[in-house]
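Computed from the coordinates by the stated procedures, all read-outs in this text should not be read as laboratory data. Computed from a predicted model, the values in this text were never measured in an experiment. Quick reminder, even Gly has a Cβ in these numbers, built from the backbone with ideal geometry, and neighbours come from all protein chains shown.
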Amino acid sequence: MRVNQRTVDVPEAWTGASLLSFLRDHLGLTGTKFGCGKGLCGACTVHLDGTAVRSCLTPVSAVGDAAVTTIEGLGGERATHPVQRAWHELAVPQCGYCQAGQMMSAAALLTRDGAPSEESITQAMEGNLCRCGTYPRIRKAIHRAAAIERGEAPQGAE
Amino acid sequence: MTAPLSRREFLKAAGWTAGGVTILSGCSLIPVLPSFDGPSAGSELSWVQLWRDGRVRFFCPRAEMGQGIATGLSQVVAEELGLELGDIDCRYPRTDEIQKVAMTVASQSIEEYFEPTARAAATLRTELERRAARRLGVAPSALLLERGRFSAAGARVAFAELLSADEDALLPAAEQGRVPLLSQRAASQRRVVGRDAPLVHAERLLSGREVYSRDVRLPEMAFGAVARPPQIGAALEGFDADAARGGAGVIAVVEGPANAVGVVAETPMAATEGIAALACRWRALTPEEVAEVDRAVDVDALSVSGDLDHTPEDEGSLSVGRERATAEIDVRYDTPLTAHASMEPRSGVARVTEEGCEVWTGSQDPWFVQGHVARALGLDVERVVVHNHRIGGAFGGRLLCQASVEAAWLARGAGRPVKVQWTREEETAWNYAGPGFSHRIQAGVDADGEIAYWHHRMAGGPILISSALIPDHLHWAGDLAPDPGTRRGTDLPYRVANRRVDFADVRAPMPTGAWRGLGAAPNTFAVECALDELISAGDLDPFSFRQRHALDPRLASVLERLRAFAGWDAAQERGATLGMAAAAYKHVTFVAVAAQVSVADGAPRVEKLWCVHDCGTVIAPDRVRAQIEGNLVWGVGMAFREALVLEAGRVATTNFDGYRVARMSDVPPMEIELVSTDAAPSGAGEAAFAPAAAAIVNALARAERRRSRRLPWRASA
């Protein structure tokens, strides 16, 4: 399996696992979170070839040749992806647990649509729950990330 | 069939009366209780330490669960030591790294830990000043505190150089007299406190490197799971251990305390399959027991049966008030059982050795976890160390520690470190719930527009005397005392001469306990909705009526500000549909919220929310704003979505398809005005959400010309 641009082995005991469990419990890529196990909350969102998927519902056996990207592979240890930079500028996280999934969904949205409308943000993010209620900041941060991708300077001092 | 005894009659029949309480002795009968006491005098000094690498280590005495306390208290440390926020190495301490502190609850972390934290950092600064003065040969008063160093007359000395050769770290001793606190200076003189600051641990959080307890991995660690009954209270009658042992990857089948059985395996999947292979047999509840499980908390029925045992307020005379009343209301409001629905289902990792047991978890009270694990393993408390991690949401629900206890007995049984990670279904069904409430409010206004009387009858469930914390054999004790958590919010922040509150805290078949705001959420909601109905009945103005009756001028002030901030009068003239509500959370934090709503094709929608919020001196303004935003989102969820449903003796709404919380499309634009005053800091974690729900419902009642008095709001279409 190709995960964050490296190739990893899938031992026999893990071939029947969900991609989420394989990433977390076998590879130790714990940035991707378990929230519901049924594709209802979005905390486990990763990219398969750039498309956002729920890794809790994706069997390891279904990944095939697709490139898996997790939050660890999005912008590295310094969190340099425009979405992560926008999330930092706007101090989006509260407990932070759902935010990897939020950022992966947001990054996939921005790949499809560099200047998303309010409505397409609602649509893209509707399946990502945040119990702390950071939705207003997530919305602002997606607009801000789009601006960063367009090369606009940060607003205000950070 | 015999007629059921009322609870009070039952207690009498059983020989228990308030005057005749028998104190049970014997250690094993006394439950492990949460930690209530704040830091003992002087123990706070160990929270802030200077290490040899020049970094200041701050052992945050509060659990971080999204409220931003790591950032807020780190700001205080930075202020006192002349440092920037990024210079502080903020850590979540183990139970053996600092002395026991109270559980992290009740929005009190800034209120109660601001000053001890400031004192700890200021004491370290004072010791550093003394050493720097000696080193530079000047008086301490001649020193200038710069970022991480002192200077005087052109000479400089860095903090790290002030450690002697044999010191790994500097922990200051208590100072004689008071140390000056830089974080309590006037706002204009402060550099960090009261100003927006970047999030502590932001990079870790955003890159996926923050270690929540579910993310902990140990060498040789295996995965555990425990069999759950199909109904609450169903006893285990048998299981097929051999079938489970034969499964691929299964390491051990372990019997635990209290009639439990679990499986330890090499992968989480193998552990889950092992539980299925056990084919556990459970005693099904009888139909009578199930009926008991589904019994409603019904204020009117309890009122008739004389079971509203507690009367915390009884002032003036209701009958005198009734005679004066020119307009009256008599309304019933109901709010459902609720789940915390934290995004992170709980987990525990345990390693058992000859020395004792180490546990990794995320808890609002790591010392409570320590006590429970010690008891389960029969160890002295000192032999259990709990590593506490950032929590993926708590909301009052991160106290019970079954996953940690299970990991401990599974680890001992399997001879390997074990991680137990609860599923969403386990998290919803086997935690305590926020109690369902029902209210009967009768009230009147007189010809002068004054509240003539106010009678609030209410039935809720135990919260602070939680039925999840008090074992069955001690439940009678909880029944005797009125639960202050259950009644919170019934004590009106408005002046009313003739008033009475009666209530019962009825044990539901599902254990109930703390949920964001405790009783303040359902009670404030009911009070502010009933008040709105009373104001309408008397054809009065919702702002000036509340302002006129406000007991605290700060409540009157947020109301006055909200009217202008929301453009209330202009919006009314435009024909917009608005509602409003207010709250005086614990009589220390004052909030007023306005909501604009619309209804299209029978579908109600919140168009906008405004909130004016006064929690006194603000330490971390952006984190306070974030808390208020979250509260407003919870208000939307409370109004439209949340309800925990019990069916056939079990929780029916165990995942997010059944237990629905607010999502992106529910959330309107919101504007927040933060009133910063010189008053002492007070809580912001749970003040705004009940008035938000009430403001929304008050607006919807206007929009639809009918009122749904049972939450969540049901659309009329």
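The table for this structure:
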item: Within region B:141-207: Cβ-based charge dipole about Cα centre, in debye rounded to nearest 20 (Lys, Arg +1; Asp, Glu -1); result: 500
item: For region B:421-550, the Rg and Dmax computed from alpha carbons only, in angstrom; result: 17.6, 61
item: Cβ-based exposure ranking for B:Met580, B:Met458, in which fewest neighbours within 10 Å come first; result: B:Met580, B:Met458
item: Three-way shape call for region B:592-664 based on the alpha-carbon gyration tensor, with the a/c threshold at 1.5; result: oblate
item: For chain B, share of DSSP beta bridges that run antiparallel, in % to the nearest 5; result: 75
item: Under 5 Å, built H, 5+ apart or other chain: amide partners of B:Val254; result: B:Gly262, B:Val263, B:Val264
item: Top positive-direction residue, dipole computed over the protein assembly as shown with Cβ charges, set B:Ala202, B:Ser317, A:Pro59; result: B:Ala202
item: Isotropic mean projected area of the C-alpha convex hull, the protein assembly as shown (nm²); result: 40.4
item: Amide H within-cut-off set for B:Cys90, under 5 Å, with H built and near neighbours excluded; result: B:Phe58
item: P(r) histogram, all alpha-carbon pairs of region B:414-489 included - 10 Å bins from 0, percent; result: 14, 28, 25, 18, 10, 4, 2, 1
item: Cα-based shape type of chain B, given that a ≥ b ≥ c are square roots of the gyration tensor eigenvalues and the cut on a/c is 1.5; result: oblate
item: Within the protein assembly as shown, helix-based [θ] at 222 nm, where runs of 4 or more DSSP H residues each add -39,500 (n - 2.57), nearest 500; result: -9000 deg cm²/dmol
item: Least to most buried among B:Leu559, B:Leu674 (fewest other Cβ within 10 Å first); result: B:Leu674, B:Leu559
item: Over region B:479-545, equivalent-ellipsoid semi-axes from the Cα gyration tensor in Å; result: 28, 13, 10
item: Which of B:Cys60, B:Phe656, A:Trp14, positive extreme of dipole for the protein assembly as shown (C-beta unit charges); result: B:Cys60
item: Candidates per trypsin sites (Lys or Arg not before Pro) in region A:85-158, loop by DSSP, up to 12 other Cβ within 10 Å; result: A:Arg150
item: Percent of beta bridges antiparallel (DSSP, region B:401-553, rounded to nearest 5); result: 55
item: Region B:474-586: equivalent-ellipsoid semi-axes (sqrt of 5 x gyration tensor eigenvalues, Cα, Å); result: 33, 15, 13
item: Between region B:527-584 and region B:447-526, the alpha-carbon center distance in angstrom; result: 25
item: 3J(HN,Hα) from dihedral phi, region B:67-74, Karplus parametrisation 6.51/-1.76/1.60, rounded to Hz, x for glycine, proline; result: 6, x, 5, 4, 5, x, 6, 5
item: Added length on full extension, which subtracts the Cα-Cα distance from 0.36 nm per residue, A:Val8 to A:Ser61; result: 17.7 nm
item: Spatially proximal lysines relative to A:Lys38 (Cα-Cα < 29 Å; intrachain offsets below 8 disregarded); result: A:Lys140, B:Lys419
item: Normalised contact order of region B:489-604, rounded percent, pairs of Cα under 8 Å and 6 or more residues apart; result: 24
item: Summed residue charge, Cβ within 14 Å of A:Gly35's Cβ, Lys/Arg positive, Asp/Glu negative; result: +3
item: Three-way shape label, region A:39-134, alpha-carbon gyration tensor, a/c 1.5; result: rounded
item: Whole-Å distance, taken between Cα centres, linking region B:656-672 and region B:340-385; result: 34
item: Inter-part distance where region A:16-71 and region B:37-112 are each reduced to a Cα centre, Å; result: 35
item: B:Met638, B:Met664 arranged by Cβ crowding within 10 Å, fewest neighbours leading; result: B:Met664, B:Met638
item: Share, in percent, of DSSP beta bridges within the protein assembly as shown that are antiparallel, nearest 5; result: 75
